[in-house]
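The values are calculated or read from the model by the stated rules, or taken from the named source; none is laboratory data. Everything numeric in this text was worked out from a predicted model, so none of it was measured. Note that we place each Cβ from the backbone using ideal geometry, even for glycine, and neighbour counts take in every protein chain shown.
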Amino acid sequence: MGALDAWYDHLEAGMLLNLVRKEVRVKRVSKKEARAFERDVRKAQTRDNTRVLTKRAAEVEGELRIVADPPLIIPIEDLATPGSEWEDPVPLIKKLLSSYRRTLANQHHPLEEYRYVHTAYKMVGVGSVGTRCYIMLMLGRDQNDPLFLQVKEAQASVLERFGESSSYRHHGQRVVAGQRLMQAATDIFLGWVRIKGLDGVTRDYYVRQFHDWKGSADVDNMLVPGATLYARLCGATLARAHARWGDRIAIASYLGPGIAFDRAIADFSVAYADQNEKDYEAFAAAVKTGRLTAQSGL
């Protein structure tokens, strides 16, 4: 591709569904799998701020609040130590919102049309274990106009152990810069903030919308043709991101026309899966012996 073609390239939901239907016509994907793809897209389109409001918030004494669901969701006031500066979190959070606002666009921004309501700690998923995360409820026109922001801890890049330190002095800014560069459609609420936490330790965070049409595919139940198409889509999306970030011609030259890189990735994937199984076995053994405490059924 030419430079602008690579920068403008993107994949929309409608384009995805048209591709799936084309695969059905040439009998590479079954109609059953095509229906599953369409369900995944429709499901993703329901994952918005209104759905989160219905699921995570309720009215308490005339004001909306994020509902406690420990240990997954814990309101911030339940975490603060009496007498600490976080005992009354509202003034602190409003100052942090002002700092975060300065990392967004210089012109008028939708954030200015929302007022702060409530914050809660949120348990992270497997990919973010060991980091802190909060969700923040904002309201716009009225209680039917919610905005949920996710505030996620940004730690040093794993690459810093093997190379130089990042040129960004703020790890949240580094994460945001990478996302803005590689994503075809970037969240307009992407920003960053530095927070002195409940424990007195200062950490970097990045901010984004929570559940902004976020979707995923049911890879566990895919057949080979559907999994192959899904892998192609993921590969194309990743390639486009690298084309925007790096030297796409140099990358393509390195990969070459043969299948050596394909085989290397496949071998790595199998080894990685084996390592996951070993890690889980070690984890389960530690829980069984009492060395680790685990809570199930969440």
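Residues in region 259-298 that are of a type in the set (V, I, T), under 27 Å from the mean Cα position of the chain (by Cα) and at pLDDT 95 or above: V270 alone. Filtered by the rule that a residue be free of Cβ contacts under 8 Å to residues at least 60 places away in the same chain and under 23 Å from the mean Cα position of the chain (by Cα), region 140-156 gives D145, V151, K152, E153, A154, Q155, A156.
Can you tell me which residue is farthest from P70 (Cα to Cα) among those in region 257-298 that are assigned to a helix (DSSP H, G or I) and of a type in the set (V, I, T)? Ranking the qualifying residues of region 257-298, first place goes to I265. The C-beta contact set for region 89-113 (first residue at negative phi, second residue part of a helix (DSSP H, G or I) and surrounded by fewer than 12 Cβ atoms within 10 Å (Cβ to Cβ), distance under 9 angstrom, 6+ apart or interchain) comprises R101/E112. Residues of region 65-91 that are under 25 Å from the mean Cα position of the chain (by Cα) and either within 27 Å of H170 (Cβ to Cβ) or not charged (D, E, K, R) (or both): I66, V67, A68, P70, P71, L72, I73, I74, P75, I76, L79. When D279, D267, D220 are checked against the criterion of being loosely packed, with under 10 Cβ neighbours inside 10 Å and out of contact with any His (no Cβ under 9 Å at 6 or more places or on another chain), D220 stands alone in meeting it. On the given criteria, is I251 of a type outside the set (K, R), in contact with a His (Cβ under 8 Å, 6 or more places away or on another chain) and under 30 Å from R28 (Cβ atoms)? Judged against the criteria, I251 is a match. For region 83-113, name all the residues that are loosely packed, with under 15 Cβ neighbours inside 10 Å, among the hydrophobic types (A, V, I, L, M, F, W, C) and either in contact with a Pro (Cβ under 7 Å, 6 or more places away or on another chain) or within 15 Å of L137 (Cβ to Cβ) (or both). Result: V90, single match. Looking at Y206, Y254, just one residue is loosely packed, with under 12 Cβ neighbours inside 10 Å and of a type in the set (F, W, Y), and that residue is Y254. Looking only at region 157-189, how many residues end up being surrounded by 12 or more Cβ atoms within 10 Å (Cβ to Cβ), within 21 Å of D9 (Cα to Cα) and touching a residue at least 60 places away in the same chain (Cβ under 8 Å)? Residues flagged as surrounded by 12 or more Cβ atoms within 10 Å (Cβ to Cβ), within 21 Å of D9 (Cα to Cα) and touching a residue at least 60 places away in the same chain (Cβ under 8 Å) within region 157-189 amount to 5. Of A241, A227, A231, A217, all but one fail to be modelled with pLDDT under 85 and farther than 18 Å from T119 by Cα; the exception is A217. Quick one: would you say V201 is exposed (fewer than 11 other Cβ atoms within 10 Å of the Cβ) and modelled with pLDDT of 90 or more? Criteria met by V201. You will find that of A241, A184, the residue that is within 19 Å of the chain's Cα centre (by Cα) and assigned to a helix (DSSP H, G or I) is A241 and no other.
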